[in-house]
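Novice: Below is the structure I would like to discuss, written out as structure tokens.
The values are calculated or read from the model by the stated rules, or taken from the named source; none is laboratory data. Since we're looking at a predicted model, the values are computed, not measured. Cβ coordinates were reconstructed from backbone atoms using ideal geometry, including for glycine residues, and neighbour counts include every protein chain displayed. Side chains are part of the model used for accessible areas, which takes the heavy atoms of the whole protein and leaves out ligands, DNA and RNA. Shrake-Rupley method; radii C 1.70, N 1.55, O 1.52, S 1.80 Å.
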Amino acid sequence: MAGSLLPVGKAVLRSRQPSNCYTFNADLQHPKSIPILPPYKKRVKQNNTLNKSVLLSPLVCQYRLKPVSSLDSDVPRPIDQSSEDLKSSESFKQWDSLTAKFAGAANIPFLILQLPQIILNARNLLAGNQAALFAVPWLGMFTGLLGNLSLLSYFIKKRETEVVVVQTLGVVTIYIVISQLAMAGSMPLPHYAVTSVVIACGLAVNFMNYFHLLNPIIWRYWEDFITIAGLSALPQVMWSTFIPYVPNTILPGAVAFVLAILAVFMSRTGKLPEKGIKFVGSISGWTATLLFMWMPVSQMWTNLLNPDNIKGLSALSMLLAMIGNGLMIPRALFTRDLMWFTGSTWACVFYGWGNLVCLYCCKVISREFFLASTTAFVAWLVFSFWRDTQVYGYNSPLKSLKELISGS
């Protein structure tokens with residue numbers, strides 16, 4: 001319904017501040033008509049539609065941290081946090097930012113992780129002391145290299161730029177060490193040649209995918225390849241570590257190879273249920289983590305068999321490994337990425353601290369160096385879990401650990 005208004009005279013607008021007083025005169029004119037407002041229910045419906053469109057807009061950040069199921073650790077997903085109070089809390093935002101900075105800072109120790117070992121190997125090679133390089137098992141380095149390459153694909157798929165740099169540095173530096181081992185005769189040349197081809201192809205495929213230059217079909221084939229390769233290599237590498245105490249056979253790898261091909265084929269042809277397809281999709285990431293985790297086991301087994309060759313290890317490399325992986329533990333715990341947390345923690349405990357134990361027992365490092373490293377490592381773990389518990393508002397760190405494992 002339209003209506004008419006009476007004419008209104010001039011209005012005077014004044015500021016309330018005396019020092020800045022001013023006068024504004026304007027003729028106020030009434031509108032010719034007032035449009036009819038829609039019924040209340042219709043207006044409510046329009047407002048709800050508007051609110052829905054605004055809330056679903058990509059400009060509105062809806063995602064925060066959500067626990068990730070252990071089976072889904074390698075599936076890229078937006079980070080969500082259901083609790084609005086938790087999401088808006090200052091402590092949550094600060095810890096979110098700080099853990100990201102910790103993960104980024106891990107690039108520094110990983111950048112120079114293998115440099116002491118590379119320099120030590122180069123000195124031994126120049127001195128003609130090839131036997132010292134046999135203290136570094138090529139099989140353990142190979143598992144770490146294959147694990148780093150597979151994890152590179154995992155983090156590229158998740159678009160974790162800082163960790164992509166870490167994994168790339170790991171691939172390059174470990175490959176340099178493997179090249180030195182091949183020069184010393186520790187690693188067979190045919191194995192080294194095949195490894196070189198795989199590393200070159202893997203780096204090319206991964207970075208073409210990162211910069212969106214790769215056909216998705218090729219990336220799918222690459223994922224199938226690392227799934228089959230990782231699942232085949234893992235049992236074979238584990239078995240070969242204990243030769244000559246076990247028969248020298250390729251049976252574990254052959255059986256795993258057949259099972260891996262069967263699993264991938266059934267997954268791609270849709271002959272598996274949804275959970276089965278999800279499980280096969282997670283194999284590549286978990287086999288990469290397990291390969292990476294087996295690297296320190298192989299090293300410690302070599303230390304046990306040949307304690308005299310422990311002097312060929314670099315204590316600084318072990319310390320840097322512990323620092324680099326330790327810096328990523330808070331972020332992995334905060335994002336509830338079980339696979340990331342497992343790999344980082346295992347590398348800290350067994351590759352970093354475990355080899356420091358071996359060096360200390362053989363009197364290669366001082367007692368003060370070992371105790372300081374151990375104390376700092378334990379304090380960092382306690383701080384990470386304590387801070388995570390405080391940020392999430394839990395009473396016990398076991399709650400954080402439960403969410404990390406179960407995703408709920």
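Novice: Exactly which trypsin sites (Lys or Arg not before Pro) in the stretch 202-285 are in a DSSP loop and have at most 15 other Cβ atoms within 10 Å?
Specialist: Those satisfying the criteria are Lys271.
Novice: Another question, then. In the stretch 233-281, what chymotrypsin sites (Phe, Trp or Tyr not before Pro) fall in a loop by DSSP, with at most 13 other Cβ atoms inside 10 Å?
Specialist: Hits after loop and neighbour filter: Phe242, Tyr245.
Novice: I'd like the FRET efficiency for Trp386 and Arg159, computed as 1/(1 + (r/R0)^6) with the beta carbon distance as r and R0 of 41 Å, rounded to 0.05.
Specialist: After rounding, the FRET efficiency stands at 0.85.
Novice: Once you've got the Cα coordinates, tell me which of Lys158/Lys402; Lys101/Lys399; Lys157/Lys278 are over 19 Å apart.
Specialist: In this structure, Lys158/Lys402; Lys101/Lys399 lie more than 19 Å apart at Cα.
Novice: Now for a separate question. List the trypsin sites (Lys or Arg not before Pro) in the stretch 127-188 that DSSP assigns to loop (not H, G, I, E or B) and whose Cβ has at most 13 other Cβ atoms within 10 Å. Which are they?
Specialist: Listed in order of number, the matching sites are Arg159.
Novice: Once the Cβ-Cβ distance between Ser89 and Lys402 is put in as r, and R0 is 25 Å, what FRET efficiency do you end up with, to the nearest 0.05?
Specialist: Calculated transfer efficiency: 0.75.
Novice: So how far apart, in nm, are the two label points at Ala254 and Cys201 if each is 7 Å from Cα heading toward Cβ?
Specialist: 2.3
Novice: Packing-wise, with mean Cβ within 10 Å as the measure, how do 291-298, 344-351 rank, highest first?
Specialist: Peptide ranking by packing, descending: 291-298, 344-351.
Novice: Just the accessible area per residue of the stretch 97-194, please: how many Å² with a 1.4 Å probe?
Specialist: With all protein chains present, the stretch 97-194 gives 39 Å² per residue.
Novice: What would the Debye formula give as log10 I(q)/I(0) at q = 0.15 Å⁻¹ for the alpha-carbon point model of the stretch 281-408, no solvent?
Specialist: Values, matching the q order: -0.75.
Novice: What would the Debye formula give as log10 I(q)/I(0) at q = 0.14, 0.15, 0.19 Å⁻¹ for the alpha-carbon point model of the stretch 198-345, no solvent?
Specialist: Taken in order of the listed q values, log10 I(q)/I(0) reads -0.92, -1.04, -1.32.
Novice: Can you compute the FRET efficiency between Lys278 and Leu111 using 1/(1 + (r/R0)^6), with r the Cβ-Cβ distance and R0 = 30 Å? Round to the nearest 0.05.
Specialist: The value I calculate is 0.30.
Novice: Let me ask something else. Label-point separation (nm) for Asn215 and Ile119, each offset 7 Å from Cα along Cα-to-Cβ?
Specialist: Roughly 4.7 nm, to one decimal.
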